[in-house]
Amino acid sequence: MTYTGDVTPAGPPAIRELPGLTITKYAVDPRMANNCYLLRCTATGAQLLVDAADDAPALLELTGGIVDTIVTTHQHWDHHRALADLAAVTRPMTVAGAPDADAIESATGVPVSRRVGDGDVVRVGDVELEVIAIAGHTPGSICLLYRDPAGHPHLWTGDALFPGGVGATFGDADAFATLIDQVETKIFDRLPDETWFYPGHGGDSTLGTERPSLPDWRARGW
């Protein structure tokens, strides 16, 4: 089946097969509808989970109980509710943006093995994911970029970027200015229109689809 990125909480996952990477998107929690992404290196079988958001039993089933790395995109509670339970079983390396790491450790009781920033590389088997730090939604939010050598880039954005706008900044004008500036300069100015992005909630999109709306987002202030 053609991958669309459309999933519903506790419904079937959406699976995308790339030459070197299998992407499995799974939604949890009907109220928050968080997306969790399992990335599997097809050459080595290594697995990385983006956001252990909720429902540890379902995520353990999805992963087969084997997770080499868990990346938490940011410190907000809804993105790491299953982290402690998954970490207790799978003993993964845990990764988070350096400015958010203390808050994640405090909330979950799980030490962050690796605190990352702009330009760092997180590996899942033979696959390299570049860290793009995007402040504003939280101080230490991170995105992960995969430059598929056989196709277009793929970008996991957490709550920094969604179809239709950037993440919430809760009425903080300075935080919004930081977020929209960094999304524009670090993502839209660097990456091509065909870049497919995978947000922390809801459906996916491409940068080309969203690019014409950037001036409107900036003008409305959210």
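Rule-based calculations on the coordinates, nothing more; no lab input. From a predicted model like this one, the values you see are computed outputs, not experimental measurements. Positions of Cβ are backbone-derived with ideal geometry, glycine not excepted, and every protein chain shown enters the neighbour counts.
Charging the Cβ of each Asp and Glu at -1 and of each Lys and Arg at +1, and nothing else, the dipole of the range 14-220 about its Cα centre rounds to 200 debye.
Legend: calculated FRET efficiency, ALA43 to ALA173, from the Cβ-Cβ distance at R0 = 35 Å, rounded to 0.05, equals 0.15.
Based on DSSP H segments of at least four residues, each scored -39500 (n - 2.57), the chain has a per-residue ellipticity at 222 nm of -6000 deg cm²/dmol.
Applying 0.36 nm per residue to the separation of ASP126 and ASP29 and subtracting their alpha-carbon distance, the gain on full extension is 31.7 nm. What is the list of residues in the range 108-150 whose amide nitrogen lies under 12 Å from a point 7 angstrom out from the Cα of ASP181, following Cα to Cβ? Correct set: 135-136. Residues MET32, MET1, arranged from fewest to most other Cβ atoms within 10 angstrom of their Cβ, appear as MET1, MET32.
Packing here is the average count of other Cβ atoms within 10 Å per residue, and on that basis the peptides 15-28, 118-131, highest first, run 15-28, 118-131.
The label point for ASP148 and the one for LEU214, both projected 7 Å from the Cα toward the Cβ, are 2.3 nm apart.
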